[in-house]
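Asks: Pasting in a structure now, in structure tokens, and then I'll have a few things to ask.
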Amino acid sequence: MKIPVYQVDAFTSRVFAGNPAAVCPLDAWLPDDQLQSIATENNLSETAYIVREDGGYRIRWFTPGVEVDLCGHATLASGWVMFNLLGQTGDSMTFQSKSGPLSVARAGDLLTLDFPARPPKPVEGSDELIAALGGEPLEFLAARDTMAVYGSEEEVRALRPDFKRLAQLDAWAFIVTATGRDCDFVSRFFAPAKGIDEDPVTGSAHCTLIPFWAGRYGKNHLHARQVSRRGGELFCELAGDRVKIAGHAALFLEGSIYL
């Protein structure tokens, strides 16, 4: 069996930046263990699978270790592949997913995701969490992910978390964030228990970051950067109980997987 695979760098306009995702269009679903094995072999933060269903498309995402319920950068990458390589017409399409319908719209070379908002609520930060993250966080909140807010972009950039300690804590993943020097906010994202020590650019984390920072700034349109080593740029909007996350993408690789 031969499966097409595309590797796309998402939330960047150039290769070797942003967040790389593998996109695999399938004629029909393979067994889950095979989907997981392919994602493990790809060894990227996410592999997205797309199957035509009921006149539309369904999308699923796998890290090297587990299937996840929502992934932004691999959805952006999948939309780019659909529009630019697989003949998707029009300026908008919708994927069905475990998190409900997710649309991708294009305007020129900018793609916009429409995702559910996940507003965070204040929580207590344990001494173990503070020690594992490092620095001096000002406050903690949580939705799916636990989020620590710091006083400056420099503090967020300087963090060197203890990933082994983070992986042992009771949380899906960890967001660290602060106001930005040349943007509204910056962030980083750590998910060592899911096989990803640091994710380069994380769309799903912005489902939590956008409502938080929109509330702090009192505005719904925000410019964000994820300040990982590769880095990424996101143009964000809070739209009621949804968030819109826009960015660019660049094709790095096109090939085939043989099973």
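Coordinate-derived values only; no laboratory data. From a predicted model like this one, the values you see are computed outputs, not experimental measurements. Here Cβ is always computed from backbone atoms with ideal geometry, including for glycine, and neighbour counts include all displayed protein chains.
Asks: Counting other Cβ atoms within 10 Å, keep those with at most 14, restrict to DSSP loop, and tell me which trypsin sites (Lys or Arg not before Pro) in region 14-121 are left.
Replies: ARG14, LYS98
Asks: What FRET efficiency do you get for ARG160 and TYR258 if R0 is 41 Å and r is their Cβ-Cβ distance, rounded to the nearest 0.05?
Replies: After rounding to 0.05, the efficiency reads 0.55.
Asks: Next up: From the mean inverse distance of alpha carbon pairs (Kirkwood) and the Cα radius of gyration, derive Rg over Rh for the chain.
Replies: Dividing the radius of gyration by the Kirkwood radius yields 0.96.
Asks: In the Gaussian network model of the chain, springs joining C-alpha atoms below 10 Å, which of VAL149, VAL123, VAL201 carries the largest mean-square fluctuation?
Replies: Per the Cα network of the chain with a 10 Å cutoff, VAL123 tops the list.
Asks: Need one number for region 14-62: average projected area of the convex hull over its C-alpha atoms, nm².
Replies: For the Cα atoms of region 14-62, the hull's average projected area reads 4.0 nm².
Asks: Which residue fluctuates the most in the chain, going by a Gaussian network model with Cα springs under 10 Å, if the choices are ARG225, ARG157, ARG216?
Replies: Sorting by GNM fluctuation, first place goes to ARG216.
Asks: Contour minus end-to-end for ILE130 and ALA167, with contour as 0.36 nm per residue of separation and end-to-end as the Cα-Cα distance? Walk me through the numbers before you get to the answer.
Replies: Details: separation 37, 0.36 × 37 = 13.32 nm, distance 1.35 nm.
Gain on extension, ILE130 to ALA167, equals 12.0 nm.
Asks: Here's another thing I want to ask about it. Which of the peptides 218-224, 132-138 is most tightly packed, and how do the rest follow, going by the mean number of other Cβ atoms within 10 Å of each residue?
Replies: Those peptides, ordered most packed to least, come out 132-138, 218-224.
Asks: Shifting gears a bit: In region 124-259, what is the volume of the convex hull around the alpha carbon atoms, normalised per residue and reported in Å³?
Replies: Convex hull of Cα atoms, per residue: 141 Å³.
Asks: Which residues among region 85-102 fall inside the zone where the amide N is under 17 Å from a point 7 Å beyond the Cα of LEU26, along Cα→Cβ?
Replies: Only 95-99 fall inside the zone, counting backbone N under 17 Å.
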